[in-house]
Structures are given as C-alpha cells and as structure tokens.
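Chemist: Have a look at this one.
Read the figures in this text as sums done on the coordinates, not as results from a lab. Everything quoted here is computed from the prediction, not taken from an experiment. In this analysis, Cβ positions are derived from the backbone assuming ideal geometry, glycine residues included, and neighbour counts consider all displayed protein chains.
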Amino acid sequence: MGDNNTKNEENKKFSFTKSNTIKESKGNGFGKSVLIPFCSGIIGAAVVVGTCFGVPSIRSTIFDASIDTKTGTTQSVGTQNLVSLSNYSDTATNVASKVLPSIVGIKVQYTVNSIFTGSQNAVAEGSGIILNKDGYILTNNHVVSSSDSSSFYAVSEASKITVTLYHDPTEYEAKVIGTDSQTDLAVIKIDKNDLTPAELGDSSSVVVGEFAMAVGSPLGMESSVTSGIISAVNRTVNSSDGKTYNLIQTDAAINSGNSGGALVNSQGQVIGINTLKLNGTGVEGMGFAIPINSAKPIFEQLISNGKVTRPYIGLSGRDLTEDLAKANNLVVGVYVVSVEPFSAAEKAGIKAGDVIIGIDGTSIETMDELNNIKNQHKIGDEISLKLNRDGKEIDVKVTLQEQPSENQN
C-alpha cells in the first residue's frame, strides 16, 4: 500500500471511464455474461456513443461580425453574412497530416475465465504515440494492463500486444517496457526503425479556447481525428477506479479506443494523452487528457528504468473536514488510518490515529496536499511532519524511502 487516501467519493450522476475498446474474440455468450462485468470491473471502459461537435453551431449573432482576412472572410448572401471556415479547415487538415503518421493503433489479447462460459479469448483496443524513431510508443497503462479477478471471472495478463502503424496493415508485436498505474501511463516498443516521432508541445502554455484535435483509434477505427477546443486546464478529476488526476479538458470527441492517443494543438504538437471521458445522462463533449509536461518525466523513467521511482512515507490516510473532525473530537488534517510495517512512517514513530497537520512548515488539510509537497522531494530526503496526537502537537522527522515495487504496478 502506498501513500493513499482511503476516502471514497461517490458520484451518483456521472462516471469517468477510461477510453479503450473491448471486443469479443470467441464465444456467443461472452458479451452478456462476461463482457459487462469485465468492463465495469477491469478497465472501466464503457463504450458510449455520442455526438461531439468540434466546430460549434454558428449563431446568428456572429453573422454580422467583422472578420479579419487573416482569420476568416465573410460572403454576403441575402441579408446575412456567412462566415467562411476555410482557414479553420486548413488548420485541421495540416495538423492531421502532420500528426497521423505518429499515432498507432494497439490491440491487446488476453483470456477471460468465467464460471458462466469458461475460457474466452478477448481483445482490447487503444491508441499510442510514437516517441522516437526506434520504436518506443507511449500509451495508457489501462490499455496494456488487463490482469484482474473476482469470484465470477479471472482475466489474464496480456498474452499478446500488437501495433498497427499509419498506412501500414502489418501488425507489429510489441513488448511492454514499463507501466505506471499511478499516472496511468505505459511505454511499449516494437522492433522497427525509422518511425515518425510525434512533436511534443508545452502543455503549460495551453489556454482555454484554443484549437484542439484528438487523434487515435476510437472503436477500432484507426487514424481517426476529432476537433474542438480546450475547455479547461488543470482540471482535477476523480476516475472510476478512485485515482485523482490533474488533466486538460476538451470538447474534441474522445471515445472508447482513443485512450493513449494524442491531444494536439494547432501546430500539430502533442499537448496531452487522451485518457478519460465523462459519462452520464445529458453529458456531451467532456473528454480529458494527461498534460504532456507531466507525462515526460514518467515516460523517461519508464524507458530508462522500466519503472517510476517515487518518495514514500508508508501510510494511508483520510481527509478530515471541519465537520468530520468536530464530530470525532479531532482537528482538521490527514487522519492516519494505518502505517505500513518497516516503512519510513513506522521508523519515524507515526501511529494510526495521528492527524498530520503540516509538512516542512506548511499547514495541510488533505492527503493531496501532503503528497504534492512530498513528491517534490527525492528518495533519501528528510522531511518534517507536524502531528496532532491526543490533542498535543508534535514534530517528527521522516526519511523518505523508495515506493515498494508492488505499488509501482
């Protein structure tokens, strides 16, 4: 167990799903008896068919607008001025032609053993981004990691992963270089040279309202593009599997199979990795991508080390709101639910029932705040935690350890 927040937040109206496609490979009863519980229990990638407009409807209020010839033209028709979208179209076609050779389709084969239908072969589909000419490809962890089980079924690790390149029908077998479940990123590699790497942009410069294009293989339809705008940046999202992400929001359509594909800007530069969409009644055009700046140090470590190393305290905690703290005669902060044996927390004397109220002189109230400051440190660094124990404040020194491999996926 890592430094986790055990608090579970329920969302009664909406759910976030990871956008890879699962297909039946063999067996007539697989879809009804296995696929539905598998989708909800394994990858959370429900296929949602919807409509998402990249270019919003042109309202009558902009018919009379004055358009600069560098960004658009107007043509008089009757009493109205119709806006020409030729420049928008040129941008979209130029971006698509630049980025499509750098996006791949991914198929993952595995076995599902069900008490209802026995052993069935299944295939999941997703997308990936070529990182360099030597065959390294970035994708989502949930695209290539399938292993899971319950009392009704067991899903094997991927038995085979294949990659399809742009305008190349050949399926190239890939191997997993490294995965990171915490950020939902993975790197795979195919044995082929002279690939076309994607140009990576700067996600910190992304602004709301700018052009965005999502590229990938939605529903297995390889080399598909959808366009729209950036709807929000630095959006905190809780996924259906309980993880918290800081993402870019877009209204460019992201569907099942888009996971691991690219979100690009008007220069054809990758600014994000498509990973989640919002499902729910009346929901439309709400997709999310991992910012490329936060992905860079992850995939660099995966390529060089096969894993991501992180500083580790070794406790699980729960956020105490003011009401919850008052109801339990405690203070606002992070309630320590458990401490891992032999961990840095145990060695520092932290106990279950303590409330962490500060780190390195900064007051905190949530586990996210604690982790954000902790993750700015390196393994072996010493940090100072301020605890409230039985109504008294104490300071403890913690020497950060490396997060155990079982928490690295």
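Chemist: Label-point separation (nm) for D241 and K397, each offset 7 Å from Cα along Cα-to-Cβ?
Modeler: Using points 7 Å along Cα→Cβ, the separation is 3.9 nm.
Chemist: Sticking with this one: Calculate, in whole percent, how much of the Cα-Cα pair population of the stretch 311-407 lies beyond 20 Å.
Modeler: Values: 1316 of 4656 pairs.
For the stretch 311-407, the fraction of Cα-Cα distances above 20 Å is 28 percent.
Chemist: Can you work out the base-10 log of I(q)/I(0) for the stretch 82-136 at q = 0.22 1/Å, using the Debye formula on its C-alpha atoms alone?
Modeler: With one equal scatterer per Cα and no solvent, log10 I(q)/I(0) is -0.90.
Chemist: Determine, for each peptide in 222-233, 279-290, the mean count of other beta carbons within 10 angstrom over its residues, then list the peptides with the highest first.
Modeler: 222-233, 279-290
Chemist: Along Cα→Cβ, 7 Å out, is where each label goes; now give me the distance between the ones at I373 and D360 in nm to one decimal.
Modeler: Once both label points are built, they end up 0.9 nm from each other.
Chemist: Residue separation times 0.36 nm, minus the C-alpha to C-alpha distance between K307 and E284: what's the value?
Modeler: 4.7 nm
Chemist: Continuing with the same structure: At 10 °C and a viscosity of 1.306 mPa s, what translational diffusion coefficient does Stokes-Einstein give for the stretch 347-392, taking Rh as the Kirkwood radius over Cα pairs? Give it in µm²/s as a whole number.
Modeler: Translational D for this selection: 140 µm²/s.
Chemist: Give the relative contact order (percent, whole number) for the stretch 311-407; include only Cα pairs under 8 Å separated by 6+ residues.
Modeler: Value for the stretch 311-407: 30 percent.
Chemist: Of K189/K277; K160/K243; K189/K374; K175/K307, which ones are farther than 20 Å apart at the Cα?
Modeler: Over 20 Å apart, Cα to Cα: K189/K277; K160/K243; K189/K374.
Chemist: Excluding same-chain residues fewer than 8 positions from K397, which aspartates and glutamates have a Cα within less than 12 Å of its Cα?
Modeler: Those aspartates and glutamates meeting the cut-off are E346, D360, D381, E382.
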